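Here is the structure we will look at, set down as structure tokens.
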Amino acid sequence: MSDRIRNYLAAHRFDEPVMVLDLNRVRDNYLAFAKALPDTRVFYAVKANPAPEVLSLLADLGSCFDIASVQELQMALAAGATPDRISFGNTIKKEADVARAYGLGIRLFAVDCVAEVEKIARAAPGSKVFCRVLCDGAGAEWPLSRKFGCEPQMAVDVLEHAHRLGLIAHGVSFHVGSQQRNPNMWNEALAMASKVFRDCADRGITLAMVNLGGGFPTKYLKAVPKVQAYGNAIFEALRRHFGNRIPETIIEPGRGMVGNAGIIQAEVVLVSKKREDDDVRWVYLDIGKFGGLAETMDESIRYAIKTPRDGAALEPCVLAGPTCDSMDVMYEKEPYMLPISLEIGDKVLIEGTGAYTTTYAAVAFNGFPPLRQIVI
Ligand SMILES: *Cc1c(COP(=O)(O)O)cnc(C)c1O
């Protein structure tokens, strides 16, 4: 854990949950991506943590940005990114928002069907489009289902349609699933991407770019491979499937860029049992699913939790949040081992919470304010 965060928390007292984010870690992560994938441009996925300090730092380091809405676009511009460094990567956009983005200078858009291509052709004429293809997300701890992307054969038709409407059929994108712990998952996706390149070439369309998506993990309880292992696996897969005609590539890390830069400090509100001789205790924190820990949904992401009593004997606990919704239980199917001596009022540290926390916090469910973030 970051000494800077430890020292900061030791010097300040908070009565509410707080996420402290160490910008030095974000810088290290950016530089690690740039080193592991030297020929690939980095488009930070703004949704993971849109704090202005994070966006400005990344803009200064030379990062590009993947945005999903006009609001995120404005945040990236405000941080100093020029429009040529921004990709509108959401495949589901209102035509009015495409037009506003075009007006702000955006010329790169994601699509995954003909109807979306038609919106772009009308509202952002002459722009570059890339088609997202389905990827099953096997092996990811936060898989992305079938909501985004189309079958590869259809991608060829979608790109051809874009070409006919005067857009630039630029390339293909995929996302191997978030928190993807297997670097080899890019191999299969790149095989599919190269097939789309060949099929488009057969129709006289030359694609130029592969968007390798996000998926790079952050360390929670289980170990994860280093960024370099992903870089190596991706480079080998590009060689294997594209030979000596390797296309332009981009990545869109979100979690891998900011996850390990943040730590949430929370407080134990209650420790109780449901009957005297129960062997599972209930531990209620002042943060839960509605306070920023939405990724505990289905117990998908298992955070590492540090307590002031670490080293003492452990006991299985159900871990829950403070709100009056019975869904606000984080770990129950697989109880969480916590010190028996844990007490009401203890401060706990939830590690690896720099991504997908602050923006997931409810505005005021039960009156609790959204998760506060302090960037240091
Ligand atoms: C959310 C998202 C990302 C970031 O994914 P991570 O798994 O956090 O790296 C990248 N690209 C797109 C299109 C996304 O929607």
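Quote to one decimal, in nm, the extra length available between residue 153 and residue 188 on full extension: 0.36 nm per residue of separation minus the C-alpha distance between them.
11.1 nm
I'd like the distance between the alpha-carbon centres of the range 31-55 and the range 319-353, rounded to an integer number of Å.
Going from one Cα centre to the other spans 31 Å.
Would you be so kind as to identify which of 46, 77, 115 lies farthest towards the positive end of the dipole of the range 1-146, taking Lys and Arg as +1 and Asp and Glu as -1 on Cβ and the Cα centre as origin?
115
Return the distance in nm (one decimal) between the two label points of a simple spin-label model at residue 246 and residue 35, each offset 7 Å from Cα along Cα→Cβ.
1.8
Under a Cβ-only charge scheme (Lys and Arg +1, Asp and Glu -1), can you give me the dipole magnitude of the chain about the Cα centre, in debye to the nearest 20?
With Lys and Arg at +1 and Asp and Glu at -1, about 1060 debye.
Would you grab the residues whose amide H sits under 5 Å from the one on residue 44? Only those 5+ places off in sequence or on another chain, please, with H modelled 1.01 Å from N.
64, 65, 66
How much of the DSSP bridge set in the range 23-257 is antiparallel, in percent, rounded to the nearest 5?
The answer is about 5 percent antiparallel.
I need the phi-derived Karplus couplings for the range 286-300: 6.51 cos²θ - 1.76 cosθ + 1.60, θ = phi - 60°, integer Hz, Gly and Pro marked x.
With coefficients 6.51, -1.76 and 1.60, one gets 8, 9, x, 4, 8, x, x, 9, 5, 6, 7, 3, 6, 6, 5 Hz.
If you plug each phi of the range 274-280 into the Karplus form 6.51 cos²θ - 1.76 cosθ + 1.60 with θ = phi - 60°, what whole-Hz ³J(HN,Hα) values come out, in order, with x for Gly and Pro?
Coupling constants for the range 274-280: 8, 7, 3, 9, 5, 9, 10 Hz.
Ranked from highest to lowest mean number of other Cβ atoms within 10 Å per residue, what is the order of the peptides 304-310, 353-359?
353-359, 304-310
Between residue 118 and residue 16, 0.36 nm times their residue separation minus their Cα-Cα distance comes to what?
Once the chain is fully extended between residue 118 and residue 16, it gains 31.9 nm.
With a 10 Å cut-off between alpha carbons and a GNM built on the chain, which of 273, 35, 219 moves the most?
Evaluated over the chain, the most mobile residue of the options is 273.
Helix 23-36 sits at what angle to the longest principal axis of the chain, using alpha carbons and giving 0 to 90 degrees rounded to 10?
40
In whole Å, what is the distance between the alpha-carbon centres of the range 102-181 and the range 299-318?
Cα centroid of the range 102-181 versus Cα centroid of the range 299-318: 41 Å apart.
Return the calculated 222 nm mean residue ellipticity for the chain, to the nearest 500 deg cm²/dmol, obtained by summing -39500 (n - 2.57) across DSSP H runs with n ≥ 4 and dividing by the residue count.
After summing the helix terms and dividing by the residues of the chain, the value is -9000 deg cm²/dmol.
Determine, from the Cβ-Cβ distance of residue 60 and residue 324 and an R0 of 35 Å, the FRET efficiency 1/(1 + (r/R0)^6), rounded to the nearest 0.05.
0.20
Picking from 311, 352, 215, which is most flexible by a Gaussian network model of the chain using Cα springs under 10 Å?
311
In square angstrom, rounded to the nearest 10, how much accessible surface does residue 132 have for a 1.4 Å probe?
Answer for residue 132: close to 40 Å² accessible.
State in Å² the accessible area per residue of the range 1-49; use a 1.4 Å probe, count heavy atoms of protein chains only, and round to the nearest integer.
In whole numbers, the range 1-49 has 50 Å² accessible per residue.
Quick check on the range 23-257: take the gyration tensor over C-alpha atoms, sort the square-rooted eigenvalues as a ≥ b ≥ c, and tell me if it's rounded (a/c under 1.5), prolate or oblate.
Oblate.
For the range 210-225 and the range 227-244, what is the separation of their C-alpha centers, rounded to whole Å?
What the calculation gives is 16 Å, centre to centre.
When the dipole is taken about the Cα centre of the range 161-246, and only Lys, Arg (+1) and Asp, Glu (-1) are charged at their Cβ, what size is it in debye, to the nearest 20?
180
Taking the simple approach of a point 7 Å from Cα along Cα-to-Cβ for both residue 95 and residue 297, what is their distance in nm?
Inter-label distance under the simple model: 3.0 nm.
Taking only Cα atoms, what is the 0 to 90° angle, nearest 10, from helix 52-61's long axis to the longest principal axis of the chain?
For 52-61 against the chain, the angle is about 50 degrees.
Lys/Arg Cβ at +1, Asp/Glu Cβ at -1, dipole of the chain taken about the Cα centre: which of 18, 62, 221 is farthest positive-ward?
62
Could you give me the ³J(HN,Hα) list for the range 83-98, computed from phi with Karplus coefficients 6.51, -1.76, 1.60 and θ = phi - 60°, whole Hz, x at Gly and Pro?
My calculation for the range 83-98 gives x, 5, 9, 10, 10, 8, x, 7, 7, 10, 10, 6, 4, 4, 6, 4 Hz in order.
Does the range 277-366 come out rounded, prolate or oblate, given a ≥ b ≥ c as the square roots of the eigenvalues of its C-alpha gyration tensor, rounded meaning a/c under 1.5 and, failing that, prolate meaning a/b above b/c?
prolate
Once the Cα atoms of helix 152-164 and of the chain are each reduced to a long axis, what angle between those two axes, in degrees from 0 to 90 to the nearest 10, is obtained?
For 152-164 against the chain, the angle is about 50 degrees.
The values are calculated or read from the model by the stated rules, or taken from the named source; none is laboratory data. As the structure is a prediction and not an experimental result, all values here were calculated from the model. With ideal geometry, Cβ positions are generated from the backbone for all residues, glycine too; neighbour counts draw on all protein chains shown. When the accessible area is computed, the model is the full protein with side chains, heavy atoms only, and any ligands, DNA or RNA have been set aside. Shrake-Rupley method; radii C 1.70, N 1.55, O 1.52, S 1.80 Å.
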